[in-house]
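Engineer: So that we are looking at the same thing, I have put the structure below in structure tokens.
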Amino acid sequence: MTFRNRVIASTVGVATIAVLLACFASFLTTRNSLLASVDSSLSHAAQLAKPQSSGEDIRLSGAFSELILPNGSTLPKSTIPIDSIILKVASGQLGNQLRTVQIKGSPFRELIVAIPKDTEVACTDGSCELKTTSAELFILNISGEVNQLRHLVGTLLLVALGGVFLAFLLGTFIARTALRPLESVTNEIENVANTNDLSYRIQEGSDDELGRLRSVFNKLLTSVEDSQLLQRQLVIDASHELRTPLTSLRTNAQVMSRASELSPEDLNQLKADIITQVDELSALVTDLGELSRGERSEGEIVRLHLADCVEESVDTAKTYARIKQITIDTNLESSIILGRRDRLERAVSNLLTNAIKFTPENGRIVVSSSNGAISVSDSGPGVAEADRPFIFDRFWRAPSSRPLPGSGLGLSIVAQVVSEFHGSIEIDQDPVLGGARFIITFPPVLDV
């Protein structure tokens with residue numbers, strides 16, 4: 001079933017229920033009103049009439065009254081059926097009763113009034129005193145009222161059918177009118193899907209539900225377009241960066257084919273170059289895989305003790321720092337953040353690797369953390385003021401660092417992790433060591 005048909009069906013269904021409830025309520029109200037009027041007349045007649053056995057008129061048109069004794073005999077004689085309910089009232093077992101009965105196919109309303117023992121009643125020769133309990137029956141033909149209710153039911157059925165038909169017409173009109181703008185938006189979205197034109201934007205229009213839908217879809221198109229541009233740029237940059245080591249490897253492989261003509265020194269240098277190039281390619285592929293995660297990685301976000309994560313990364317980095325006789329000092333204070341441990345350690349490790357690469361032999365690196373912040377400082381040459389806006393771009397490398405090994409992706413991964421955990425990163429010059437200082441700040445979490 002289409003959405004339009006569901007709207008029409010819902011409208012008709014709600015209207016049908018409302019009309020039926022209104023008709024039922026009208027029928028009950030009218031029925032109760034008619035019966036209440038009849039019952040009031042019978043009660044009034046019972047109050048005016050003195051218990052009698054002569055069948056005299058009680059001044060109620062269409063009404064008849066009679067006296068019923070416990071043995072079932074009536075005064076005056078009549079053909080009105082005497083059932084067990086009337087006999088129980090006459091014998092004193094039940095109180096007054098008011099009910100509707102069928103007599104010879106016609107509806108009647110009966111009021112049965114209990115008469116106690118020793119009650120004086122009117123007789124043909126004056127007055128008589130009843131020696132036993134009895135009952136007086138007041139009965140009124142309500143065929144007219146029943147016919148009125150039947151006519152009312154027919155009228156209400158016609159009203160209900162008319163209401164349902166009108167609801168169907170209104171539902172169809174409302175569905176077409178209300179869904180026309182939605183159909184327009186759907187057609188525009190289908191056009192984008194068919195043409196793959198991510199630069200297309202929908203006119204947002206008024207600030208209502210459909211306007212919000214258009215606005216959200218435009219934001220989605222912008223996000224998809226930006227993501228596609230980043231992917232294309234990543235592929236272009238990756239192919240460019242891969243071209244150089246692959247070309248160098250091919251050249252060295254060609255030279256290896258003439259290994260017999262090379263001196264042992266040249267052959268060892270050639271092998272070392274190939275290993276270095278393969279390591280660069282491996283690191284580049286690893287970094288590309290890390291960047292391909294986007295700004296959201298897999299895994300559960302948990303509470304992390306920042307000092308423990310930093311300390312583990314520092315212990316690993318000290319192994320590489322010993323080669324250049326670099327000292328790594330730490331000043332770690334306990335704090336907690338929300339994140340993923342592997343991603344956080346990767347970001348800290350990249351900062352330490354970058355610091356080791358640019359720190360001269362016998363240099364010094366200082367790592368500190370407190371209150372959700374991490375600081376990594378080195379005694380290297382630092383980062384030029386003009387290079388700082390580009391240092392976190394993918395594959396960007398400062399002119400002074402291009403001779404050094406690296407893919408230009410390490411700091412990009414750091415920036416990606418920081419963005420993922422809603423943090424910020426700054427770079428300046430350390431006032432004590434004189435080199436670069438990277439400061440990462442994450443939203444801290446209270447330790448409860």
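Bear in mind that the values in this text are calculations on the coordinates, not laboratory data. Worth saying up front: this structure is predicted, and the values here are computed from it rather than measured. Here the Cβ positions follow ideal geometry from the backbone for every residue, glycine too, while neighbour counts run over all protein chains shown.
Engineer: What is the set of long-range amide H partners of THR330 at a cut-off below 5 Å, with H atoms built 1.01 Å from backbone N?
Structural biologist: HN-HN under 5 Å from THR330: VAL367.
Engineer: Mind listing the long-range amide H neighbours of SER134? Cut-off is under 5 Å, sequence gap 5 or more, other chains count too, H placed in the peptide plane at 1.01 Å from N.
Structural biologist: For SER134, the qualifying residues are ILE115.
Engineer: Give the lysines whose C-alpha is closer than 27 Å to that of LYS131, dropping any in the same chain fewer than 8 places away, or say none.
Structural biologist: Within the straight-line limit of under 27 Å, LYS131 reaches these lysines: LYS50, LYS77, LYS88, LYS117.
Engineer: Across region 21-38, in residue order, what do the Karplus-derived ³J(HN,Hα) couplings come to in whole Hz, using 6.51 cos²θ - 1.76 cosθ + 1.60 with θ = phi - 60° and x for Gly and Pro?
Structural biologist: 5, 5, 5, 5, 5, 5, 5, 4, 4, 5, 4, 5, 5, 5, 5, 5, 5, 5
Engineer: Within region 345-384, what residues put their amide N at less than 14 Å from the label point 7 Å along the Cα-to-Cβ vector of LYS318?
Structural biologist: Residues 365-367 qualify, since their backbone N sits under 14 Å from the label point.
Engineer: Could you derive backbone 3J(HN,Hα) for region 111-117 from the dihedral phi with the Karplus parameters 6.51, -1.76 and 1.60 (θ = phi - 60°), listing whole Hz in sequence and x where the residue is Gly or Pro?
Structural biologist: 10, 10, 10, 6, 10, x, 5
Engineer: Additional query: Tell me which residues come under 5 Å, amide H to amide H, from LEU409 once H is placed; ignore anything under 5 positions away on its chain.
Structural biologist: Long-range HN contacts for LEU409: PHE395.
Engineer: Straight distance only, please: which lysines reach the Cα of LYS318 with their own Cα at less than 18 Å, same-chain residues fewer than 8 apart left out?
Structural biologist: Once the sequence-local lysines are set aside, what remains near LYS318 is LYS357.
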